[in-house]
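The values are calculated or read from the model by the stated rules, or taken from the named source; none is laboratory data. Please read these numbers as outputs of a predicted model, since none were measured by experiment. Cβ placement follows ideal geometry from the backbone for every residue including glycine, while neighbour counts extend to all protein chains displayed.
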Amino acid sequence: MRLKGRVSIVTGGATGLGRAVALAYAREGASVVIADIADAGAVVAEIESDGGAAIYARTDISDEQSVAAMVRGAVNRFGAVDILFNNAAVSASLELKPFEELSVAEWRHVLDVNMIGSFLCAKMVSPIMRAQKSGSIINIASGTAFKGTPFMLHYVSSKGAIISMTRVLAHELGTDDITVNAIAPGYILTEGNLGNADFLADQGDKAIAGRALKRAGYPEDLIGGAIFLASDEARFISGQILAIDGGSVYH
């Protein structure tokens with residue numbers, strides 16, 4: 001068990017990639033705090049049925065007080081925070097459209113969740129990790145930030161910001177032996193994507209055609225990277241962006 005005795009926070013852990021990682025962290029021995037605006041009781045029950053430890057904290061990551069309460073709850077329950085998997089975001093629910101048609105309200109919603117939310121989660125766990133002189137923050141970027149994927153400017157911009165945020169945080173937190181890295185997934189089939197026919201039709205086939213491995217990607221394909229970056233095996237890796245995309249982006 002590579003994460004035995006660790007305490008992890010997984011945002012957006014009720015479904016999709018977050019759910020897959022929460023289950024994987026629990027299998028590797030970590031206690032898991034699932035922070036999501038959607039109910040994650042079923043994921044907690046699944047972890048507990050396998051002998052793991054988990055709690056659900058209803059959290060709006062765009063709200064500072066909500067994030068602070070979630071982190072306090074994690075410490076009160078488990079005594080520490082060793083891993084932050086900064087995953088919650090809005091993506092598949094977005095309407096694809098030319099940038100001229102985007103409203104300021106749409107921009108603010110995406111940035112509040114995807115960018116500000118990730119910042120708030122890192123901000124709230126950093127004092128705990130600094131005091132411990134250890135910790136791992138794993139942000140979720142996107143391959144779209146490397147490609148300039150059209151018709152979703154607000155989303156792509158928010159994920160480009162995550163890449164920059166990761167590099168800055170790696171410098172600022174490295175003095176306390178905290179690693180900060182990001183995973184940049186390619187197009188991954190999740191419940192959200194499968195529920196958006198237009199998004200699936202526009203992005204799915206194009207993604208598969210443009211990658212070296214000619215198949216769909218699934219949340220489970222990212223588990224190895226998520227575990228590795230949270231483990232002691234990655235203690236000397238920080239500020240890096242790991243593309244897990246079937247061979248779509250080379251850098």
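Helices (runs of 4 or more DSSP H) fully within segment 39-133 that include at least 1 residues being basic (Lys, Arg): 64-78, 104-110, 117-132. Could you please let me know if Ala69 is more than 20 Å from Leu229 (Cα to Cα) and either small (Gly, Ala, Ser) or in contact (Cβ under 8 Å) with a residue 24 or more places away in the chain (or both)? It is true that Ala69 is more than 20 Å from Leu229 (Cα to Cα) and either small (Gly, Ala, Ser) or in contact (Cβ under 8 Å) with a residue 24 or more places away in the chain (or both).
For segment 149-180, taking the residues that are in contact with a Pro (Cβ under 9 Å, 6 or more places away or on another chain) and at pLDDT below 95, the one that is surrounded by the most Cβ atoms within 10 Å (Cβ to Cβ) is identified as Phe151. Within 30 Å of Lys133 (Cα to Cα), modelled with pLDDT of 95 or more and crowded, with 19+ Cβ neighbours inside 10 Å, is that true of Ile183? Yes: the conditions hold for Ile183.
Within segment 26-39, can one find any residue that is under 16 Å from the mean Cα position of the chain (by Cα), more than 19 Å from Ile137 (Cα to Cα) and either touching a residue at least 60 places away in the same chain (Cβ under 8 Å) or crowded, with 24+ Cβ neighbours inside 10 Å (or both)? No: zero hits. When segment 10-30 is filtered for residues that are assigned to a loop (DSSP other than H, G, I, E, B) and closer than 17 Å to Ala182 by Cβ, only Gly12 remains.
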